[in-house]
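Here's the structure we're looking at; comments come further down.
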Amino acid sequence: MKTAVPCYYHLDVEVSPERLGQVRRILAAHLRLWDLETLVEPVCRGTELLLKAIDEHATDKNTSIEMWWNRQHLITAIAEHDCHLRPDQDLRGCLEHIAAMSDGWGCCATDTGAKVIWFSQRARAGERVPLVPTVPEPSLREVLQVPREMPVAALAGPASAADGVLAEAR
């Protein structure tokens, strides 16, 4: 059984349309490894939106993608290194989509002039309960009556007597 252990993943990538599928598969594989299959689609979709917008508007295509899993939230951050890219103007449509599909999001600048755009998704790690047979519990509902037991002597006698007892039991 997998336990919910905090996890971290970092990926540096030069954004291009050809690399989007690779990045999606890499992130999906890590989310499945962390037992977060329910987050594959929203996280990959949000990352793909940001990478497409960075590819379209940025001159520096080098980005860093980071994912943190803290046992309750998965935070995905994409850092781009273009000091001329303005998230409030160039990435406005992309950020509106991310805000609509995530639990939280934000943008902050670094000391080097890079910008980090992050979004979070709430989830629980998959809990797998081992299959163990359980003992049936008595119920309070009315039960069917058990058929009468036939006397052993009646069955040991002649065939005609046993037939009569069986007919009575029915």
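Things worth noting here:
- Other residues whose C-beta falls under 12 angstrom from the C-beta of ARG45 contribute a net charge of 0, scoring Lys and Arg +1 and Asp and Glu -1.
- With Cα atoms as the point set, the stretch 1-60 shows a radius of gyration and Dmax of 13.0, 46 Å.
- The stretch between THR59 and LEU11 holds 15.3 nm of extra length on full extension. This uses 0.36 nm per residue minus the Cα-Cα distance.
- Ordered from largest to smallest accessible area (heavy atoms of protein chains, 1.4 Å probe), the residues LYS52, LYS61 come out as LYS52, LYS61.
- Stretchable slack from ARG25 to THR112, in nm (0.36 nm times residue separation minus alpha-carbon distance): 28.3 nm
- Contact order relative to length of the stretch 19-91, as percent, for alpha carbon pairs under 8 angstrom and 6 or more apart: 25
The values are calculated or read from the model by the stated rules, or taken from the named source; none is laboratory data. Keep in mind it's a predicted model, so treat the numbers as computed, not measured. Cβ sites come from the backbone with ideal geometry, for glycine too, and all protein chains shown count toward neighbours. In case anyone asks, the SASA skips ligands and DNA or RNA and just uses the protein heavy atoms, side chains included. Shrake-Rupley method; radii C 1.70, N 1.55, O 1.52, S 1.80 Å.
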